[in-house]
Structures are given as C-alpha cells and as structure tokens.
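Reading through the structure tokens given below for one structure.
The values are calculated or read from the model by the stated rules, or taken from the named source; none is laboratory data. A quick note: this is a predicted structure, and the numbers were derived from the prediction, not measured. When we count neighbours, we look across all protein chains shown, and the Cβ atoms used for this are built from the backbone with ideal geometry, even at glycine. The protein model used for the area step is the full one, side chains on, heavy atoms only, and it has no ligands, DNA or RNA in it. Shrake-Rupley method; radii C 1.70, N 1.55, O 1.52, S 1.80 Å.
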Amino acid sequence: MASETSLTATINTLYGKKWTSFGDSITARESWQKYVADKFGLIHSNCGIGSSCVSGKGETAFWQDARLDAVKANDPDIVTIFGGANDLVQNPVIGKEYEFAKPIDQKDKMTFYGAYSYIIETLLTWKPSLEIMILGTTYGHNDGADYSNIITYSEISEACRKVAQYYGLPFVDLHGNTGFNKFTMANAPFNTYAPDHIHPNDAGGKKIASLVIAKMKECYLL
C-alpha cells in the first residue's frame, strides 16, 4: 500500500502548475497565497495592487490592459480573481446581468458586471484552457457601511457569485464562510482575523487559504 505521502504526490495534479493571484491589497499583501501554493506545490506569482478596483476609470482597475497583460506575462495555468472591496468605496454601479451577453468590445466597464465579464472574456480569449476561480469579497468595515450607504460587501460578494455562475467558474464564498465579522475584524480585542477591519492578519490569511484549498481540491484535482 502506498504511503500517504506518495499517494498525495501521485494524485496532486496541481503540482508544478503556474498560479497567478490577481487582486487588490488583500492579494498584494500576500497573507493567504503561500499556504495555497505550499499545499499543492504551485508556482505562484502575485498580481495584486493595493487600492485597485474591478470597475471604473482608475488607471489600476482590473480591466485595464496593463493589469491583464501582467497576468498574461506569467503564462498561468490557474488565475484567482479577488476584488470588489475598493469598488464599494467609489459606490459602484453593479450594472445589469445582460452585460455578460454583450460582445466584449461593447461591455460597460464602468459597471461591475461589465468590467468583470470583460476581464473573464479577455483572459479566456487569450487562453481558453485557463482555469479561473473567483473569490467573493470578504466582510469588512461594518459590511461596507463605513464607506457607502448605497451598497454593501454582501451585495458585491453576490455579484461576484453571479459572474462565476454565468461563466461556470468556481466561486469561493469568503463573505459567508470565513467567520470574518465585526467581532473578529476590528480593533483589539476583536482582531482575531484582522486588526483594521479589512486586511487579514496571518490567522485571517489561513482562513482564506483553507477555503481556496478546499475549492481547488474539489474542482482541479483529478
């Protein structure tokens, strides 16, 4: 009977694959990716930029060619997309789901749905075999109420889920399953998972990683 170690190595079809994490500061700070990469033996590259939004006019918005070209430059096998936290600050227009069906050159990238679908379709046009996993936004800043009276992080997470559903992509419900809330994401003593209401500490990073690992096992291991 094969040992557990050799059996794990045999069935780990992710070993040596190239993974790019694409996102904002929660990606850029790299509190969670090392645990995912170490678990599967992935070759990881970080394409996170702090304060960046999925949609809108910002020069670092996810849909901008420079951001997408940076992802492509790594020639990844897998891309995780983790964004939306900063979109809330600019009171985004979520948009309508008909953005998904629009031709790629007609999508309204000032809307969350339009920008996100543009990102997905640009990457899949470039590399149809690319595995894309979408991470929903986490809880933070009183579910966004500290910055917006128009939209919540719960609603942005749901928008991320709908994008994933439309394109048949794995979705990681970080908002619903991390245990991030006002009792764990604030100032001491309520700082189990983050000290500043939004950016995970090491314990918070491990919670995110555990959910990403579980989803990768479910969807990518053969």
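Points to keep in mind about this one:
- FRET efficiency, 1/(1 + (r/R0)^6) with R0 22 Å, evaluated for Ser154 and Asn187 via beta carbons: 0.50
- Restricting attention to the range 11-110, the count of lysine pairs at 8 or more positions apart or across chains with alpha carbons under 17 Å apart stands at 10.
- Expressed as a whole percent, the accessible area of the chain that falls on carbon and sulfur atoms is 53 (1.4 Å probe).
- Scanning residues 5 or more positions from Met133 or on other chains, those with amide H under 5 Å from its amide H are Val79, Thr80, Ile81, with H placed 1.01 Å from N in the peptide plane.
- For the chain, the solvent-accessible area of protein heavy atoms averages 46 Å² per residue (probe radius 1.4 Å; ligands and nucleic acids excluded).
- Remark on Ile94: its backbone amide H falls under 5 Å from those of Phe112, a criterion applied only to residues 5 or more positions apart or on other chains, H modelled at 1.01 Å from N.
- Amide hydrogen neighbours beyond the local backbone of Gly84, cut-off 5 Å, H modeled: Val54
- Out of every Cα-Cα pair that the range 1-142 contains, those further apart than 25 angstrom amount to 31 percent.
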